[in-house]
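As structure tokens, the structure follows; a few thoughts come after it.
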Amino acid sequence: MDLGLRGKIALVTGGSHGIGMAIAMSLAKEGCNLAICARNIERVDIVVKQLIGLGIEAIGIQADVTNATDISRVFSAIDSKWGSLHILVNNAGGGGRWGKPCVLETDEEVWFEVYNKNAIAAVRFTKLAIPYMRTQKWGRVVTITSVYGREGGGRPWFNMAKTAQTSLMKTLAMNHDLVRDGITFNSIAPGAITIPDTGWDEERKKDPLAFEKMVSENYPLGRFGNPKEVADLVAFICSERASLVNGASIAVDGAESRSF
């Protein structure tokens, strides 16, 4: 299926690892030119080389998404390279395992840091992306949230931040002025995803047998998802084929979540 994305310019935040890297690869394979940003410039450079190897143009910018100056620098680089942006994927985030299980034992700073890394970062990137999209009368904003952005559960600071992201996308999607300029706003809500060197991977290494038992008992498919399964859906939502999908929060979780 031709998704109609060839030649489009896309920015993927947190694009050097895990889901973000997989999204960048999926969009590149559809012919998008890519900008990615992340804090680890070594990882960024490696992914940029891989993207260019797919026959598209790509740039990487070192940036901390909690820093407004860094975010502005990302857009300056995009403007210098292409002068345009069609797709924004707000992927950078995290914090689902930060803090302590007990709310009273978790410092208030954790709440602020998780909220800034997820919700406020999405606000800042989206505000800077929209003018490009309005000018060209076409755009896609996709925010990677979580199943905990759709229902209760998880650590409350993470749940609160991800729910805020979902609300941001839904509210913008209902703005007549924006969407009638050809821009759509959607959320993709992954469940548990296997990503090397992250929290779940660490838990698995502690006790592989107990971990596999837990997964078998609690996840309908008997397994976690993988980044590509999220990424391919994102590519479709960014495409011409998904023009009526606007304001949606789509779970990619193998029925892990309990909401409808």
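Brief remarks follow.
- Cross-chain or 6+ apart pairs with Cβ under 6 Å, region 239-257 first and touching a residue at least 40 places away in the same chain (Cβ under 8 Å), then in a strand (DSSP E or B) and small (Gly, Ala, Ser): Ser249/Ser187; Ser249/Ala189; Ala251/Ala189; Ser257/Ala251
- The residues listed here are Pro190, Pro220; of these, the one that is surrounded by fewer than 17 Cβ atoms within 10 Å (Cβ to Cβ) and not small (Gly, Ala, Ser) is Pro220.
- Test: residue in region 196-209 that is among the polar types (S, T, N, Q) and under 22 Å from His17 (Cβ atoms): yes
- Of the residues making up region 213-255, those that are farther than 30 Å from Gly4 by Cα, out of contact with any Lys or Arg (no Cβ under 8 Å at 6 or more places or on another chain) and part of a helix (DSSP H, G or I) are Lys213, Met214, Ser216, Glu217, Asn218.
- Residue count, region 89-128 (criterion: among the β-branched types (Val, Ile, Thr) and either at positive phi or in contact with a Cys (Cβ under 8 Å, 6 or more places away or on another chain) (or both)): 1
- Output for region 28-46, where each listed residue is β-branched (Val, Ile, Thr) and surrounded by fewer than 17 Cβ atoms within 10 Å (Cβ to Cβ): Ile41, Ile46
- There is no residue in region 165-173 that is in a loop (DSSP other than H, G, I, E, B) and either within 24 Å of Ala121 (Cα to Cα) or of a type in the set (Lys, Arg) (or both).
- Criterion (in contact (Cβ under 8 Å) with a residue 24 or more places away in the chain and farther than 30 Å from Gly254 by Cβ) met by exactly one of Trp138, Trp111: Trp138
- Criterion violated by Lys117 - all others in (1) of a type outside the set (Ser, Thr, Tyr); (2) touching a Leu at 6+ places or on another chain (Cβ under 8 Å); (3) buried (at least 17 other Cβ atoms within 10 Å of the Cβ); (4) not in a loop (DSSP other than H, G, I, E, B) satisfied: (2)
- Residue among Gly83, Gly95 that is assigned by TED's automatic domain parsing to the domain that holds Met160, more than 22 Å from Val252 (Cβ to Cβ), of a type outside the set (A, V, I, L, M, F, W, C) and not in a helix (DSSP H, G or I): Gly83
- Among the residues of region 9-27, the ones that are crowded, with 24+ Cβ neighbours inside 10 Å, under 16 Å from Leu128 (Cβ atoms) and of a type in the set (A, V, I, L, M, F, W, C) come to 3 in all.
- Any chance Ile188 is of a type outside the set (S, T, N, Q) and in contact with a Leu (Cβ under 7 Å, 6 or more places away or on another chain): yes
- Residues that are modelled with pLDDT under 95 and within 19 Å of Trp200 (Cβ to Cβ), drawn from region 93-128: Gly93, Gly94, Gly95, Gly96, Arg97, Trp98, Gly99, Lys100, Pro101
- Being under 30 Å from Gly182 (Cβ atoms), surrounded by fewer than 21 Cβ atoms within 10 Å (Cβ to Cβ) and charged (D, E, K, R) holds for only one residue in Lys100, Lys49, Lys81, and it is Lys81.
- When region 136-176 is filtered for residues that are surrounded by fewer than 19 Cβ atoms within 10 Å (Cβ to Cβ), touching a Ser or Thr at 6+ places or on another chain (Cβ under 8 Å) and under 12 Å from Gly96 (Cβ atoms), only Gly154 remains.
The values are calculated or read from the model by the stated rules, or taken from the named source; none is laboratory data. Bear in mind that the values here come from a model prediction, so they are computed numbers and not experimental data. As a convention, Cβ positions derive from the backbone with ideal geometry for all residues, glycine included, and neighbour counts pool all protein chains shown.
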